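First the structure, in the form of structure tokens, and then the observations on it.
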Amino acid sequence: MAGNGTVLVIDDEPVLQDVLGSLLKGDGFEYLQATTAADGQQVLREEEVDVVLLDLMLPDRSGLELLPDIKEFDPHLPVVVITAYSSVESAIEAMRLGAFHYVPKPFKNEEVLHLVRRAAERRALLVENLELRSRLEGMGEIVGTSRRIEEIFELMRRAAPARSTILIAGESGTGKELVARAIHRLSPRGDGPFVPVHTSAIPADLLESTLFGHVKGAFTGAINARKGLIEAAHNGTLFLDEVGTISLDTQTKLLRVIQEREIRRVGSVDAKAVDTRLVAATNTDLWQEVQQGNFREDLYYRLNVITIEMPPLRDRSDDVPLLATHFLRIYSEENQREVEGFSSAAMDALTEYHWPGNVRELENAVERAVVLCRHDTIELDELPQAVRGDVPGVQAVTEFPAEGVDFRESVADHQERLIREALKRSDGVQRRAAGLLNLSPTTLNEMIHRLGIEPNHED
């Protein structure tokens, strides 16, 4: 997008073209013109256009007839129709046909610019979301294009066909179970069962019978024989989450399963062969647990044949927009909401936040924002407070030197940072930056000169 975007004006009035051309170029837009419907269609085929300003009264064809053709050519191209006051009904009909909005003649310059800016921002968001969504295709539930994630994809692809055990290490919320499921789907066992076991959620005295099964009468309450989860995963994959929480006694029995490929149900002396691939996960340092005597060293080496290290989300912030868009699509559909994307401020906040809860925390934040979203775009104030707190100008003062500070100097530094950030987010257009800072353009210009800030370009 060149500058603030490219606007095509389709109107046969030379005076109006001149006025709109000067107005749009003065606000940082590229300006294209056409005087007939046919010329307008030709421009759309040859040029990248972000917004169309369309007069409803054209010499060769009405705007109402042209509008459906424009929307068919590019369904996501916003069209602002221009109409006389006497034809407002036609403008409303145009909106029913897909127009973004309408402006009646004679119009106020600021009114036109406001609508064009909104339309251009909508276009930018839609294009970005479409690009992100196209990159999601074929990735399944594991989302990311960062170097770390690409390396994990390659390791999964190479490890999946084997029978070897796999250990997935990483902080809580990094997507370890998703990786395990993907490995299962990619493996020759993909048509077999995938059995997840969250060991920390099962009482220690029940975990052994849950995993290995039991015979009738093996213990009080065992009124029937029951197959364990290892056996249930025969010809498939058993996923043991938080494997470090398993007791030493159960670890011993699990080691036998890996070495001998057989199980004994609780209360039975008979061994039963099983063909189950084991994928384990941990959010702790298993080797440290070995050193402290909490985890068997021989089991550690049996599990650690292939290790996949899941990076925390803070170490792959490039993936945040992709993940956020992924979750936006899921929860918009789930909640029957038409939420199209994130405002630039909201996406900046998501990207800059440190995500201690990793992907799971991001997913929860997006779900919350979708539910609370007032319009069709998630705004900054619809994100959780913790996420908003990492945005420049919002966070509280967390450090205060014992020797104190130079108040005036600190305030000036903070003002400069805020102004530079606003200019960055508005592509150097001071009028837009002033809006972000809730300042008048004159006041902002004075502050820029006073602080010695060199903007990218003036408006």
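The values are calculated or read from the model by the stated rules, or taken from the named source; none is laboratory data. Predicted model, so just to flag it, every value in this text is computed and none were measured. We place every Cβ from the backbone using ideal geometry, glycine too, and count neighbours over all the protein chains shown.
Tabulated results
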{"read-out": "Enumeration of residues in the stretch 228-261 that are assigned to a helix (DSSP H, G or I), under 38 Å from the mean Cα position of the chain (by Cα) and within 17 Å of Tyr301 (Cβ to Cβ)", "value": "Val243, Gly244"}
{"read-out": "Test: residue in the stretch 280-294 that is assigned by TED's automatic domain parsing to the domain that holds Gly217, in a strand (DSSP E or B), among the aliphatic types (A, V, I, L, M) and touching a helix residue (DSSP H, G or I) at 6+ places or on another chain (Cβ under 8 Å)", "value": "yes"}
{"read-out": "Failed item, numbered, when Gly213 is tested on (1) at pLDDT 90 or above; (2) on the phi > 0 side of the Ramachandran plot", "value": "(1)"}
{"read-out": "Top-ranked residue in the stretch 34-83 [being part of a strand (DSSP E or B) and in contact with a Ser or Thr (Cβ under 9 Å, 6 or more places away or on another chain); ranked as farthest from Ala120 (Cα to Cα)]", "value": "Thr83"}
{"read-out": "Residue pairs meeting the criteria (Cβ under 9 Å; at least 6 apart or on separate chains; first assigned to a strand (DSSP E or B), in the stretch 185-196; second hydroxyl-bearing (Ser, Thr, Tyr) and surrounded by 15 or more Cβ atoms within 10 Å (Cβ to Cβ))", "value": "Phe194/Thr237; Val195/Thr237; Val195/Thr276"}
{"read-out": "Residues within the stretch 379-408 that are more than 21 Å from Pro356 (Cβ to Cβ), touching a helix residue (DSSP H, G or I) at 6+ places or on another chain (Cβ under 8 Å) and modelled with pLDDT of 60 or more, tallied", "value": "2"}
{"read-out": "Residues located in the stretch 297-316, provided they are touching a Ser or Thr at 6+ places or on another chain (Cβ under 7 Å) and more than 14 Å from Thr174 (Cβ to Cβ)", "value": "Arg302, Leu303, Val305, Ile306"}
{"read-out": "Long-range neighbours under 7 Å by Cβ, at least six apart or interchain, first residue more than 12 Å from Thr165 (Cα to Cα) within the stretch 238-262, second of a type in the set (Gly, Ala, Ser) and at pLDDT below 90", "value": "Glu242/Ser200; Thr245/Ser200; Ser247/Ala204; Glu262/Ala271"}
